[in-house]
Amino acid sequence: MKVIYSGFDNLDVAYQGQISEGFLECLEQAQQRAISAREPALIEYGGKRLHVTESGARGGYAFRCDTGPLGATWFFKRPNASDPWGIRISAKSLMLATYGLQGARERIEDTLKALGCLLAVRPESIGRVDFAVDVLAPDFDLHPDNFVMHSRSTRADHREVEVVRSHGRSGRYTSVTVGKMPGRQVIVYDKRLEAFQKPEKKVWLEIWRRSIGERGLPPIDFSDPLTSTIWRIETRAGKSCLKDQHKVTTWEELTTAAPTIFEQALDRTRYCTPATDTNRSRWPEHALWALARSEVAALDLQSVGPLPEEMVSDACRRAQLEIIDQQLVGLAATRLALVSPLCMPTDPLLQAVQPVHQAFQRDRKKFSERVDRARDRYAHFD
């Protein structure tokens, strides 16, 4: 078993602050466009691009915005003097995997400044932070009963429904979650499986390849599940864990307490090797847990991800193209089946793309407008 990547994975932070009247007006107009078009509307304000969705979110947030796969989901309330907590941000995993924790903070604060948000003196309140360790462990099998935890902890186990024919292990456990948010939570799951099941997650293959090279490890053939299984050990600290147990609210407090937070998470939930001792608390820790501990002990709050943002963005673009290509092939095959139910036409490709050709020839301006709307939809890949 070898560690091939580690880093922060999720971050939620709220701010005492209000949006400006100019930004409010821009958001309201964009939201109306989103409602009319039934899809997020792109705006540019203060040099920042945001997609504004049709609705807000619970907690009084009138607006929900997205700054792309390397960004975050932003929530804004209408200005209200009696409600100072008017802004909340949920950073995406790729933002943290690319820029690190300090870099994510800098980008969040840069965006707040560009949007003209009015903030208090010490405005932030950290609501969640996760740390992940990815381990190459082809021979590892996950067993829920090997977890040793506090008696009051909760646990959720997940089995694969389908037989894993590629390597003959049916019904194996792919994920075990211990604990409950917004407290403390530890999850161990098959990250490689997720990357291959969800095309948008394939960017992690590129991140792993670069990280493996930086760690001086030999290349891995990720197409072979027998030799490339990646298990992720993820520790999550929710709002009650941060504030009630570790007194963490500000960025500075998080910086100081982060190593202790994740060390205690691995202390209170441990994955062990079964022994004859009837007292499970004395079972020896599994090597997987020792590797996770070593990464937490070496945690560097200033570190950044192994891939530069241009390469991450390009990997996201290619992943989206793969999804679209799969949809195109499926739709083309379905159209051929319906148009020519008895036999394959002499030119199946022409038959499959005929509606696209006709739409382009019939009204090129309208087709160009549809392309422009699609460009807006994927503007964050620029």
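For residue 382, the accessible area of its heavy atoms, probed at 1.4 Å with every protein chain present, is near 140 square angstrom. Hey, with R₀ at 45 Å, roughly what FRET efficiency would residue 379 and residue 294 work out to, going by the Cβ-Cβ distance, to 0.05? Once the sixth-power term is evaluated, E becomes 0.65.
Across 20 Å bins from 0, what is the distribution of all Cα-Cα pair distances for the chain, in whole percents? All Cα pairs, binned at 20 Å, distribute as 24, 50, 24, 2 percent.
Applying 0.36 nm per residue to the separation of residue 200 and residue 364 and subtracting their alpha-carbon distance, the gain on full extension is 55.9 nm. The modelled label-to-label distance for the pair residue 226/residue 145, using points 7 Å beyond Cα in the direction of Cβ, is 2.9 nm. With a 1.4 Å probe rolled over the protein heavy atoms of all chains, the accessible area of 343, 316 falls in the order 343, 316, largest first. With only Cα atoms counted, the stretch 4-127 has Rg and Dmax values of 14.2, 48 Å. The average projected area of the stretch 334-382, computed from the convex hull of its Cα atoms over all directions, is 4.7 nm². A straight Cα-to-Cα reach below 17 Å connects residue 243 with the aspartates and glutamates 12, 124, 130, 252, 253, 263, residues fewer than 8 places away in its own chain not being considered. Summary value for the chain: 19 percent relative contact order, contacts being C-alpha pairs under 8 angstrom separated by 6+ residues.
Looking at 233, 338, 186, which one has the Cα that reaches farthest to the positive end of the dipole of the chain (charges on Cβ: Lys, Arg +1; Asp, Glu -1)? Result: 338. Extending 7 Å from the Cα toward the beta-carbon at both residue 333 and residue 280 defines two label points whose distance is 4.5 nm. For the listed residue pairs 92/239; 2/239; 48/113; 92/198, the alpha carbons are over 21 angstrom apart in 2/239.
Within the chain, the longest run free of trypsin sites (Lys or Arg not before Pro) that sit in a DSSP loop with at most 11 other Cβ atoms within 10 Å is 248-382. Secondary-structure-derived ellipticity at 222 nm for the chain, considering helices only, amounts to -13000 deg cm²/dmol, per-run term -39500 (n - 2.57) for DSSP H runs with n ≥ 4. Solvent exposure of the chain, expressed per residue, is 52 Å² of accessible area, with all protein chains present and a 1.4 angstrom probe. Computed extension length for residue 245-residue 311: 19.9 nm, one decimal, from 0.36 nm per residue of separation with the Cα-Cα distance subtracted. Taking 0.36 nm per residue of separation and subtracting the Cα-Cα distance, full extension of the segment from residue 340 to residue 303 would add 7.6 nm. I'd like the accessible area for residue 322, computed on protein heavy atoms only with a 1.4 Å probe and all protein chains in place. Round to 10 Å², please. Residue 322 has an accessible surface of roughly 60 Å² with all protein chains in place. Rolling a 1.4 Å probe over the protein heavy atoms of the stretch 239-382, with every protein chain left in place, gives an accessible area that is 57 percent carbon and sulfur. Rounded to the nearest 10 square angstrom, residue 143 shows an accessible area of 90 square angstrom against a 1.4 Å probe.
The values are calculated or read from the model by the stated rules, or taken from the named source; none is laboratory data. A quick note: this is a predicted structure, and the numbers were derived from the prediction, not measured. Counting neighbours? That spans all protein chains shown, and the Cβs are built from the backbone with ideal geometry, glycine included. Side chains are part of the model used for accessible areas, which takes the heavy atoms of the whole protein and leaves out ligands, DNA and RNA. Shrake-Rupley method; radii C 1.70, N 1.55, O 1.52, S 1.80 Å.
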